[in-house]
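Accompanying notes for the structure given below.
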Amino acid sequence: MAETEVGASFSIGDFLLGVKAELFGKLDGIDKRLASILQREEQYEREGPVFVALSAAGVVDANQDPLYLDLGGPSYGRAWEVRQLVIGGVTWATTVAGYALVLVQSTAPSTLVGVGLSGIQDEASGSTPALPSVAFYSSGQFHVRHPNHVYVAVIGGTASTPYVVAGDAFDVPDVPARGLFSI
């Protein structure tokens, strides 16, 4: 009877040893993942944000409906700080009619629904409603978070005329600011 008890405790000991090894292996994996995240954050602080070129083009239809251009948006866990946008014709020398609304929203605007006020980030037009127009933004002024996209709505454009939007943004980690609510 004594041998059976010793054998039983020995197998429980092996089992516990296996559980400990598996647990330490998983903890080591978590530790490596956290170290990788911290390394990327430190690299970002050293090297700065990732540059993103923004561009889209389209032609106003014959009915002169609004033209909606999609400049894209950041991926999950990332955010964009839009730095500048230029909206106009194909070249700088091309003056085109209309004005443009810069939108930040998660769904694409449509001619059926129109443009809601909540998505408007900026408005671009010349002294007479004509484009090109250039807009520069300071850091953090024009912030886009996932799942939103940047859209440009050209309103009152000339039929069969191409419109172009170009600009740039910084792709940054979408993390809350540290130390805002420290005790």
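The values are calculated or read from the model by the stated rules, or taken from the named source; none is laboratory data. Not measured: the values here are computed from a predicted model. Every residue, glycine among them, receives a Cβ derived from its backbone with ideal geometry; neighbour counts consider all protein chains shown.
Selection over region 68-123 of residues that are closer than 21 Å to residue 147 by Cβ, of a type in the set (Ser, Thr, Tyr) and not in a loop (DSSP other than H, G, I, E, B) gives a count of 3. Taken as a whole, region 52-60 holds at least one residue that is in the same structural domain as residue 97 (by TED's automatic domain parsing) and part of a loop (DSSP other than H, G, I, E, B). Among the residues here, residue 74 does not qualify as free of Cβ contacts under 8 Å to residues at least 60 places away in the same chain, buried (at least 17 other Cβ atoms within 10 Å of the Cβ) and out of contact with any helix residue (DSSP H, G or I) (no Cβ under 7 Å at 6 or more places or on another chain).
Residues that are surrounded by 10 or more Cβ atoms within 10 Å (Cβ to Cβ) and either of a type outside the set (A, V, I, L, M) or free of Cβ contacts under 8 Å to residues at least 24 places away in the same chain (or both) within region 41-63 comprise 41, 42, 43, 44, 48, 49, 51, 55, 58, 61, listed in sequence order.
Considered as a group, the residues in region 26-64 that are at pLDDT 85 or above and among the small types (Gly, Ala, Ser) include one that is nearest to residue 161 (Cα to Cα), and that residue is 58.
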